[in-house]
Amino acid sequence: MNAASFSALAEFLHARSGIVLTPDKAYLVETRLAPLMRREGCADLGALVAKVKAALSGPIADEVVELMTTNETLFFRDGKPFEHLRQQVLPKLAAARGPRGVIRVWSAACSTGQEAFSVAMTALEIAPALAGCRVEILGTDLSREVLRRAETGRFSQFEVQRGLPITMLTKYFRKDGSEWVVKDEVRALVSFREWNLLRPPQPLGRFDVVLLRNVLIYFDQPTKTRVLENVASVLAKDGVLYLGGAETVLGISSRFAPLDGARSAYALV
Amino acid sequence: MKTVLVVDDSRIVRKVARRILEGLGFAVDEAENGAEALAACRSRLPDGILLDWNMPVMNGIEFLHALRSEFGLGEPRVVFCTTESELDAIQRAIEGGANEYIMKPFDAEIIESKFQQVGLL
């Protein structure tokens with residue numbers, strides 16, 4: 001792979017999505033972009049980068065961003081944030097918002113929707129404790145392709161066995177052929193929208209809970225700060241931000257402080 | 001070290017499951033059917049059981065009923081691991097006292113996820 005082509009690709013990707021492509025990720029470029037290069041008749045990465053540069057908002061540029069995005073996800077990933085939501089955050093917010101209130105949850109970089117649907121199932125499990133307060137979940141992602149899949153609420157047998165307890169599968173999914181589909185009561189709580197985290201999020205509205213887990217790890221320091229600033233600008237005063245287990249706001253943003261007794265959960269300062 | 005009894009009439013499935021479970025730090029015993037598994041439990045109760053459904057002599061659900069009526073509902077933790085993937089089969093297994101359920105084919109990630117869910121990891 002030509003170094004100039006690699007850095008041109010890295011520059012494009014960073015400007016477009018904030019994702020940092022370091023030279024040790026060269027193998028990712030090869031494995032993920034090879035089928036697109038073949039389809040587009042590009043002899044090498046340089047030829048593909050030239051096509052991207054020729055139409056920066058064109059379909060090939062979009063596809064490159066989608067292919068270079070990591071979409072790893074599973075139901076109830078890491079468990080603890082969902083326990084925290086169930087036991088503390090959702091009941092507390094419901095009490096504050098009242099019986100006709102709404103709790104808005106943002107699953108940022110939601111990929112194929114497992115996180116958003118996990119929040120929906122969590123809310124349904126504690127519906128009596130929410131005393132009529134509604135929960136609305138918005139899943140956003142940069143990739144149209146993963147959102148198309150998320151919209152269907154359909155998951156393979158393999159996907160429903162990663163993180164999802166069997167009792168939740170039988171309660172909230174129906175089987176359709178070899179796939180499993182979320183039931184309407186779960187699907188009704190969740191909507192999806194294409195969104196770039198680098199954009200000011202005001203058009204999405206205010207949120208009481210933001211899940212931004214295992215996203216910041218792909219960004220450089222200034223981008224992390226910018227994304228956290230964006231989140232802070234739409235988070236309610238008593239809202240909660242969840243990051244991934246290996247992520248922190250320390251040294252990146254002064255807008256958040258860790259919540260006592262909860263790992264990876266933060267409140268506005 | 002926690003122990004897991006792998007119950008499956010397929011030698012290959014037992015071998016694959018053993019490799020994965022040993023990799024997760026379990027000591028593994030094997031049984032070819034429910035009757036053998038019940039005898040193994042009477043001699044030493046494991047912490048967990050990975051249980052196939054369709055087996056000769058005594059199948060998985062018959063074994064589960066015998067196990068729960070003899071040793072009670074709490075221990076050991078039982079994870080079904082079967083090609084049966086219809087909702088009514090899964091519900092029968094849960095009602096019979098299974099703690100988790102794997103639909104074959106499985107891989108190391110699924111086994112790890114399910115053994116975490118039953119509290120053995």
Query raised in the report: At what distance in nm do the modelled label points of A:N196 and A:D238 sit from each other, each positioned 7 Å from its Cα along Cα→Cβ?
Result: 3.6
Query raised in the report: Rounded to the nearest whole Å², what accessible area per residue is found for segment B:30-115 with the 1.4 Å probe?
Result: 42
Query raised in the report: Hey, what number do you get for chain B at 222 nm if only DSSP H runs of n ≥ 4 count, each worth -39500 (n - 2.57), divided across all residues, to the nearest 500?
Result: -13500 deg cm²/dmol
Query raised in the report: Mind checking the mean number of beta-carbon atoms from other chains within 10 Å of the Cβ atoms in B:77-90?
Result: 1
Report summary line: Under a Gaussian network model of chain A whose springs join Cα atoms within less than 10 Å, the largest fluctuation of A:G46, A:G205, A:G251 belongs to A:G251
**Report entry** Phi to ³J(HN,Hα) by Karplus 6.51 cos²θ - 1.76 cosθ + 1.60 over segment A:174-179, Hz, x for Gly, Pro
**Finding:** 10, 8, 9, x, 8, 10
Query raised in the report: Looking at segment B:1-104, which trypsin sites (Lys or Arg not before Pro) are in a loop (DSSP not H, G, I, E or B) and have at most 13 other Cβ atoms within 10 Å?
Result: B:R44
Requested in this report: Per residue of segment A:181-191, in order, report the coupling 6.51 cos²θ - 1.76 cosθ + 1.60 (Karplus, θ = phi - 60°) as ³J(HN,Hα) in whole Hz, putting x for Gly and Pro.
Outcome: 10, 5, 5, 4, 4, 7, 4, 5, 7, 10, 10
Report summary line: For segment A:3-68, dividing by residue count, accessible area per residue (probe 1.4 Å) in Å² works out to 51
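Would you work out the relative contact order for segment A:65-202, in percent, from Cα pairs under 8 angstrom that are 6 or more residues apart?
That works out to 28 percent.
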Requested in this report: Grab the Cα-Cα distance for A:E40 and A:V269, subtract it from 0.36 nm times how many residues apart they are, and report the gain in nm with one decimal.
Outcome: 77.5 nm
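Mean separation of Cα pairs under 8 Å and 6+ residues apart, divided by the residue count of chain A: what relative contact order is that in percent? Walk me through the intermediate numbers first.
On the way: 417 pairs, mean separation 46.0, N = 269.
Over chain A, the number comes to 17 percent.
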Query raised in the report: What FRET efficiency, computed as 1/(1 + (r/R0)^6) with R0 = 22 Å and r the Cβ-Cβ distance, is obtained for B:D107 and B:L73, rounded to the nearest 0.05?
Result: 0.15
Report task. Go ahead and set up a Gaussian network model of chain A, Cα springs under 10 Å, then flag whichever of A:F76, A:F158, A:F192 fluctuates most. Result -> A:F158
Query raised in the report: If one computes the Cα centroid of segment B:20-47 and of segment A:246-264, what distance in Å separates the two points?
Result: 44
Report summary line: Excluding ligands, DNA and RNA, the carbon-plus-sulfur percentage of the accessible area of chain A with a 1.4 Å probe reads 54
Query raised in the report: Leaving out ligands, DNA and RNA, what percent of the accessible area of segment B:30-115 is carbon and sulfur, probe 1.4 Å?
Result: 48
Query - Set of lysines with alpha-carbon distance to A:K53 below 24 Å, sequence-local pairs under 8 removed - result: A:K25
Requested in this report: Give me the distance in nm between label points sitting 7 Å out from Cα along the Cα-to-Cβ direction at B:H65 and A:A55, one decimal.
Outcome: 6.5
Query - Area buried, chain B against chain A - accessible surface, total, 1.4 angstrom probe, square angstrom - result: 1400
Report summary line: Averaged over the residues of A:164-175, the number of partner chain Cβ atoms within 10 Å of each residue's own Cβ comes to 4
Requested in this report: Starting from the Cα-Cα distance between A:N71 and A:R134, subtract it from 0.36 nm times their residue separation and give me the gain in nm to one decimal.
Outcome: 19.8 nm
Report summary line: A:A4 and A:D260 label points (each 7 Å along its Cα→Cβ direction) are spaced in nm at 6.0
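Sort A:65-72, A:34-41 for me by packing, meaning the mean count of neighbouring Cβ atoms within 10 Å per residue, highest on top.
Final packing ranking: A:65-72, A:34-41.
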Requested in this report: Using the Karplus curve 6.51 cos²θ - 1.76 cosθ + 1.60 with θ = phi - 60°, work out ³J(HN,Hα) for each residue of segment B:102-116 in order, rounded to whole Hz, and write x for Gly and Pro.
Outcome: 10, 9, 5, x, 10, 9, 4, 5, 5, 4, 4, 4, 6, 6, 5
Report summary line: Among segment A:215-238, those whose backbone N falls under 11 Å of a label point 7 Å along Cα→Cβ from A:V20 are A:217-225
**Report entry** Rounded tilt (10° steps) of A:114-125 against the dominant C-alpha axis of chain A
**Finding:** 0
Query raised in the report: If one computes the Cα centroid of segment A:22-89 and of segment B:1-18, what distance in Å separates the two points?
Result: 38
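Over segment B:30-115, what relative contact order in percent results from Cα pairs under 8 Å that are six or more residues apart? Mind dumping the intermediate values first?
Working: 113 pairs, mean separation 22.9, N = 86.
Relative contact order, segment B:30-115: 27 percent.
The values are calculated or read from the model by the stated rules, or taken from the named source; none is laboratory data. Here the structure is a predicted model, which is why all the values come from computation and not from measurement. Glycine also receives a Cβ, built like all others from the backbone with ideal geometry; neighbour counts cover every protein chain displayed. Side chains are part of the model used for accessible areas, which takes the heavy atoms of the whole protein and leaves out ligands, DNA and RNA. Shrake-Rupley method; radii C 1.70, N 1.55, O 1.52, S 1.80 Å.
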